[in-house]
Structure formats: C-alpha cells, structure tokens
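Asker: Got a structure for you, written out below as structure tokens; questions coming shortly.
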Amino acid sequence: MNTYDVAVIGSGPGGYVAAIRCAQLGMKTVIIEKYATKGGTCLNVGCIPSKALLDSSHHYEDAIKNFEEHGIDISGEVKVNLKNMMKRKSGVVDQTTKGIDFLMDKNNIESYQGVGSFKDKTHIIITDADGKETEIEAKNTIIATGSKPSSLPFIDIDKERIITSTEALSLKEIPKHLIMIGGGVIGLELGQVYRRLGAEVTVLEYMDRIIPGMDKDQSKELMKAMKKQKAKFMLSHKVKSVERNGDEITVKADDKNGKEVEFKGDYCLVSVGRRPFTDGLNAEKAGVEIKENGKVKVNEKLQTTADNIYAIGDVIEGLMLAHKAEEEGTFVAEVISGQKPHIDYNLIPNVVYTWPEVASVGKNEEQLKEDNIKYNTGKFPMRALGRSRASGDVDGFVKIFSDKETDEVLGVHMVGARVADLIAEAVTAMEFRASAEDIARMSHAHPTYAEAVKEAALAATGDRALHI
Ligand code: FAD
C-alpha cells in the first residue's frame, strides 16, 4: 500500500494549491480527483469558462454597440457564432486544466483519478470509474471537495431547459427568453453573457436587491447599468413553481404584495447558490463531523473533528470563492508542516465580473453601522475620470470608508471598468493598515481608472476630491 504524508481529496483551487504547498514544504503528497480533468469547479465549470464567455460576449457587444462611435465601420452584419464561442471557451478550459497536470508533475505530486472515501482516519479508498478500488495510507488528509449548484425543493433541474450554471456554460443556442432565478454573482454574470448575445433576460430575486452580500450602493449601480443593457429585474419575488411544457418554461412567483405573477421563457437558469459537497466521502468513518448545513466542521486551524484531517474551500464556512480556497490551501499546508500562518478573512476581496465590474474588500456600510463604528465616507464617480471618458466606460464609482478617529481604511467598494483588478490596491493598502490620507498622498498614473481610488481617498479626508 502506498503511504503519504498528505492526501488531498479534490483538485479545485483549494486542493491543488494545498498539494503544491505541501510538496514545496517537503511532504510526500498525493491528490485524488474523481473527474478526468483537474481544477475543480473553478477551472472546469466556474471562474474560467464564465470569464471566457464574458470576454467573448463583451467583444460582440462592443462591436455592435460601440464600434461606430469609436469610428470603426464594420461592413456587413456582425453575427454571433455560438459554436465557435463555446469552442474557444473549451480551449481556454483545456489549456488551464492541463496546466494543473503540469504543476502536479513539476512538484512530484502523485495523482489518482477516482472517488476518495475514508476507510478510517488514516486510510482512503479510491474507486475509479470502472469500480476498481485502490487503498492508500495518509498521515494527514485535506478535504477539498468543494460545492455543487443548489436548487429549490420544488424545482426539477432537467439540465436541458431548466438549468444550473454548469449547463448555462455550454448551451447550444442562444435563449430567446432566459428567466433567471436568483440575482447573485453567478447568475448575473451568465445572464449578462446571454443578454449581450441577444436573449431577453428576466431576473427574479427574492431579496429587495441584487448581489445582496455587497454594499447597497453597488447593488443599485449594477442594476442601473444592467437595466441600461435591457435586462429586467423583478425584486422581492418569491418563486413558487417552475414548469416545463415542451420548449416552454413557466415560472410562477409571488410579487412583493403577495400577488401571483407568471413569466414565460424558453430557458430557466436556477442560480440560488451552491451547497457544500461531501457525497461519497464517508466522513463519519474518519470521525469528521459534518454540520447541519452540510459544511465540514473545522476549528481556527481548519482542522476537522479528526485531528489529522483538515478541510478548506467551498466545503467549509465562508465565502465560496476560488482565492479564499487557495489561501486556505496554503494555510493548511503550512499548519501541517508546523508553521503558524494567518488568514485575514476581512481582506478577501469579493468580485463580480459583469460589466461594469463590481469589487469590494473590508466592511460595507451596513456592517459598519451594525458594528457601531464611526466612519468617514469618500466617493468618486468614474464618469469624472479622463480615462473613463476616453474608453466610454463611465458607469460606477469608488467608495472608501475610513475610521473617523484614526483614518484607517475600513472598506473599499467599487463599480466600474477593470475594478476586479483595481481592488488589489485597496487590499494592499488595508493589509498594511493604510489610512485614507496615505492613499490620498500616493501618486496614481494619469489617465487611469485607479485615479478614482485616490480621488475617493481625498474625498474621505476633508472633502478634497480634485476633479468633481
Ligand atoms: P471545487 O473547485 O468545487 O473543487 C472540488 C473538487 O473536488 C472537484 O473537482 C470535485 O470533483 C472533487 N471531489 C469532490 N468529492 C470528491 C471525492 N470524494 N473524491 C475525489 N474528488 C472529489 N470564484 C471566484 O473566486 N471567482 C470567480 O470568478 C468565480 N466564478 C464562478 C463562476 C461559476 C459559474 C461558478 C459555479 C463558481 C464560480 N466561482 C468563482 C466559485 C469557485 O469556482 C469556487 O469557490 C471554487 O472552485 C472552490 O474551490 P474548492 O477547491 O473548494 O472546490
């Protein structure tokens, strides 16, 4: 029987990063993945394919809406070739997942394809697609089994017309009318892809705003921008039923006054969140407790109720984000090797890759109020930037909250072009516990979107923004 210092179950961003860090620290490491390709949700059916489609559809939208204004004449009709768009997306995914195989080889990490199940706390049985079983021994195990799309109890996901994000990433036609249940990040990104390609898109959201976890101003600004793009939003709508009749989907919901309303479309994307995935793991055989909400129970060292078994990523509490899983992967590898690492969960940025993009780090206004923290606010609109006018991307803002007493930056919230990249400046500043004054005094290249960060910091420190 093969014996390892560490076995990692699951090869998503949590698992493969944990495996690399374990190997870097000199531990004999094995990674177990049930699918043929590594990379988990993120690389196969999440972050990477969704961004590939967002980019392709953005090019198309630019061509049909903005090229003329930029003085670019395209003779003839500009058409979508969905098959080629999907082919490119698959190519990007292939290249990225193959990269993980390369990284495993480079770091001398052994791999098994199959479902990993605990026999006890130091033995794992791996069952491959043909039912063949292999047993290995591991001193330590890292559970990184991720998550799957969740649904509502009365919805029958048929994967053809009533679909999750996984199917939405590989549709063979552009929906005529895509009804989306849920106005969270995953739904909005995919909804925007198909809206750009010509589908009518209606978002039904239970809460009174979209992207509910983020700052209220961001929800409003994104909805305003997406309404300009002709997406429809039905807020405070409680979906009651989803039925398919041939190619027609009927969704019934109660509106905010309790009145039943009906929507008809040809596809329904159910994007109501994701659930932690531990099926087939036999966690109880290893003494690993799963909480009532399905998440693996861990302590502050991300150690489960079995002392040699750790869990990371979507399968434990916290934001379901690839970079959160990665941080935890590194953290656990270092804990196992005897180091004392640290993760500041307050500084994990949250990003929506719609256009305009939305990005946040630290506390939002509601949280500051809840925590009774006195704060200053500085806000600067993207439309006042020369860079935004040059590109035509004028929607959005940067908003900075700083402590009223100490001026320490407590939260930064952005909507606009390229803010997914811009948020890194805010994370860096907050990691070094910068004050708004520190940011206000830094030179920012002109013309850039980043100037909005400086201007918001100037606004937060005595209302000194220069360009508004
Ligand atoms: P996963 O990536 O879910 O990986 C778990 C792996 O474990 C899977 O490969 C699974 O097959 C394997 N596995 C499970 N059980 C077993 C078993 N018993 N034996 C062997 N293998 C097993 N996050 C971002 O940060 N940015 C984004 O832009 C972003 N976009 C997204 C877009 C979409 C459409 C979706 C669905 C998600 C997106 N996410 C994004 C979320 C991100 O994909 C997840 O947070 C991330 O993948 C979680 O990583 P993980 O390692 O915890 O688990």
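Asker: Just need a number here: residues in segment 31-43 that are more than 13 Å from residue 104 (Cβ to Cβ) and near the ligand (Cβ under 7 Å from one of its atoms).
Answerer: Residues flagged as more than 13 Å from residue 104 (Cβ to Cβ) and near the ligand (Cβ under 7 Å from one of its atoms) within segment 31-43 amount to 5.
Asker: Hey, could you check segment 139-159 for residues that are within 13 Å of the ligand (Cβ to nearest atom) and surrounded by 18 or more Cβ atoms within 10 Å (Cβ to Cβ) and say which is farthest from residue 10 (Cα to Cα)?
Answerer: The selected residue is 149.
Asker: Tell me, please, whether a residue that is in contact (Cβ under 8 Å) with a residue 60 or more places away in the chain, within 16 Å of the ligand (Cβ to nearest atom) and not in a loop (DSSP other than H, G, I, E, B) can be found in segment 361-384.
Answerer: yes
Asker: With the checklist (1) away from the ligand (no atom under 12 Å from the Cβ); (2) of a type in the set (Asp, Glu); (3) not assigned by the TED database to the domain that holds residue 429 in hand, flag the one item residue 328 doesn't pass.
Answerer: Every listed condition holds for residue 328 apart from (1).
Asker: Which ranges mark the strands (runs of 3 or more DSSP E) fully within segment 224-290 that have 3 or more residues being surrounded by 18 or more Cβ atoms within 10 Å (Cβ to Cβ)?
Answerer: 248-254, 267-270
Asker: Further, regarding this structure: Among the residues of segment 331-360, count how many are away from the ligand (no atom under 12 Å from the Cβ), closer than 23 Å to residue 220 by Cβ and either more than 16 Å from the chain's Cα centre (by Cα) or part of a loop (DSSP other than H, G, I, E, B) (or both).
Answerer: The qualifying residues number 2.
The values are calculated or read from the model by the stated rules, or taken from the named source; none is laboratory data. Being a predicted model, the structure only gives us computed values, none of them experimental. Ideal geometry is used to build each Cβ from the backbone, glycine not excepted, and the neighbour counts take in all protein chains shown.
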